[in-house]
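**Student:** Supplied in structure tokens, the structure appears directly below.
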């Protein structure tokens, strides 16, 4: 393998790594939702927590450590939707990036 080809492969790997880092940040941003003045991150922990309660309203701590009186069903629906959309986006983009892993694609 000549040095130009080696450099191209290294550059491609660096670009892919940078892309995946930016993609992760974009994924995290897509998980952010607002509800009744609070800001939440739609992670499985929040979804599970909201699923485990049955009261229509519940105090939930947002990302700024502020207790927010939330409509449990509304927040749960918003969290599930955000999580589903962000996960599909992330998985699709990672699969696309991984498909450019072969030397012939550089």
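**Student:** With the condition kept exactly as written, say whether any residue in the stretch 56-73 is touching a helix residue (DSSP H, G or I) at 6+ places or on another chain (Cβ under 7 Å) and closer than 28 Å to residue 93 by Cα.
**Tutor:** No - not one qualifying residue is present in the stretch 56-73.
**Student:** Please verify whether the stretch 66-75 includes one or more residues that are at pLDDT below 85 and surrounded by 15 or more Cβ atoms within 10 Å (Cβ to Cβ).
**Tutor:** There is no residue in the stretch 66-75 that is at pLDDT below 85 and surrounded by 15 or more Cβ atoms within 10 Å (Cβ to Cβ).
**Student:** Still on this structure, I have one more. Pairs only if they're at least six apart or on different chains, beta carbon under 8 angstrom, first in the stretch 5-21 and under 14 Å from residue 97 (Cα atoms), second surrounded by 12 or more Cβ atoms within 10 Å (Cβ to Cβ) and modelled with pLDDT of 70 or more; list them, first residue then second.
**Tutor:** Listed by first residue and then by second, the contacts come to 16/97; 19/97; 20/94; 20/97.
**Student:** Taking the stretch 40-69 on its own, how many of its residues are assigned to a strand (DSSP E or B) and farther than 20 Å from residue 86 by Cβ?
**Tutor:** So the answer is 7.
**Student:** Also, quick follow-up: Can you tell me which residue in the stretch 23-39 is surrounded by the fewest Cβ atoms within 10 Å (Cβ to Cβ), limited to those that are farther than 11 Å from residue 83 by Cβ and more than 11 Å from the chain's Cα centre (by Cα)?
**Tutor:** Only one residue fits best here, namely 37.
The values are calculated or read from the model by the stated rules, or taken from the named source; none is laboratory data. Since this is a predicted model, take the numbers as computed values, not measurements. Here Cβ is always computed from backbone atoms with ideal geometry, including for glycine, and neighbour counts include all displayed protein chains.
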